[in-house]
Amino acid sequence: MASGSIQPEPIGMGDAIFRGFEVWSKYDAVLIVWGDQVFVSEDTLKRTIAALERPHQYAVLPVTRMTAPYVEYVFDGPRLTKVLQTREGDTTVPNGFSDVGTFLLGTEGLKPAWEDYLKSAAPGHGTGEINFLPFLPFLSAKGWMVTPLEVADATEARGINTKTDLAFFQSLYNEAP
């Protein structure tokens with residue numbers, strides 16, 4: 001089933017995701033992969049789907065260690081406590097967990113949780129957007145299980161956002177057998 005929607009104003013990825021609610025809410029889970037993530041492996045996608053233990057209040061977050069994470073996920077034991085985003089002025093630590101632009105969330109209760117999150121979510125300092133990523137620790141604080149799934153190849157975390165990124169991936173594809 002194919003569907004599409006248009007976000008008339010770029011106000012954040014959460015808004016873009018929830019514009020598809022009428023389609024994805026019919027399923028137990030929604031798999032989100034950012035459009036700039038061209039190197040997420042089939043293995044990562046399969047492992048992510050297999051790791052979803054239940055569709056109720058559960059999320060799977062594929063992460064990888066990065067030398068200089070653009071986004072860093074901070075866990076305190078089983079809880080995701082915060083997300084640091086350099087684009088919003090946060091400082092990350094070397095070898096911190098970064099995502100690979102892939103998220104799997106159970107759909108049951110997801111939209112009411114998003115609506116609750118919006119009541120207190122502040123726009124990002126750098127982007128002015130209501131960011132989706134801080135929604136994940138919000139879910140964790142509300143009792144959702146957010147399971148990190150470690151990905152060995154940090155290249156999977158790299159998206160195509162600049163000419164340098166594009167050149168990097170072109171060189172990888174040109175080297176492929």
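Quick notes
- For the stretch 75-95, the tally of residues that are open to solvent by less than 40 Å² (accessible area, probe 1.4 Å) and either of a type outside the set (S, T, N, Q) or over 15 Å from the mean Cα position of the chain (by Cα) (or both) stands at 5.
- Scanning the stretch 15-52 for residues that are within 20 Å of residue 148 (Cα to Cα) and of a type in the set (Gly, Ala, Ser) yields 29, 41, 50, 51.
- Flag if residue 28 is open to solvent by 40 Å² or more (accessible area, probe 1.4 Å) and over 18 Å from residue 139 (Cα atoms): no
- Subset of the stretch 105-115 (residues that are open to solvent by 10 Å² or more (accessible area, probe 1.4 Å) and in contact (Cβ under 8 Å) with a residue 12 or more places away in the chain): 107, 108, 109, 111, 113, 114
- Residue 167 vs. criteria without any contact (Cβ under 8 Å) to a residue 40 or more places away in the chain and open to solvent by less than 60 Å² (accessible area, probe 1.4 Å): yes
- Summed over the stretch 72-105, residues that are out of contact with any Phe, Trp or Tyr (no Cβ under 9 Å at 6 or more places or on another chain) and hydrophobic (A, V, I, L, M, F, W, C) total 1.
- Selection from the stretch 120-150 of residues that are open to solvent by 30 Å² or more (accessible area, probe 1.4 Å), assigned to a loop (DSSP other than H, G, I, E, B) and closer than 17 Å to residue 97 by Cα: 134
- Hits in the stretch 31-74 - residues which are within 27 Å of residue 88 (Cβ to Cβ), surrounded by fewer than 20 Cβ atoms within 10 Å (Cβ to Cβ) and of a type in the set (S, T, N, Q): 37, 57, 67
- Matching residues, the stretch 66-82, being more than 10 Å from residue 140 (Cβ to Cβ) and among the hydrophobic types (A, V, I, L, M, F, W, C): 66, 68, 71, 74
- Scanning the stretch 151-164 for residues that are surrounded by 14 or more Cβ atoms within 10 Å (Cβ to Cβ) and hydrophobic (A, V, I, L, M, F, W, C) yields 151, 154, 157, 160.
A quick yes/no check of all residues on (1) at positive phi; (2) more than 17 Å from the chain's Cα centre (by Cα); (3) modelled with pLDDT of 95 or more:
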{"site": "14", "(1), (2), (3)": "no, no, no"}
{"site": "35", "(1), (2), (3)": "no, no, no"}
{"site": "46", "(1), (2), (3)": "no, no, yes"}
{"site": "56", "(1), (2), (3)": "no, yes, no"}
{"site": "62", "(1), (2), (3)": "no, no, yes"}
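The values are calculated or read from the model by the stated rules, or taken from the named source; none is laboratory data. Predicted, not measured: the structure shown is a model, and the values here were computed from it. Every residue, glycine among them, receives a Cβ derived from its backbone with ideal geometry; neighbour counts consider all protein chains shown. The accessibility values were calculated without ligands, DNA or RNA, using every heavy atom of the protein model including side chains. Shrake-Rupley method; radii C 1.70, N 1.55, O 1.52, S 1.80 Å.
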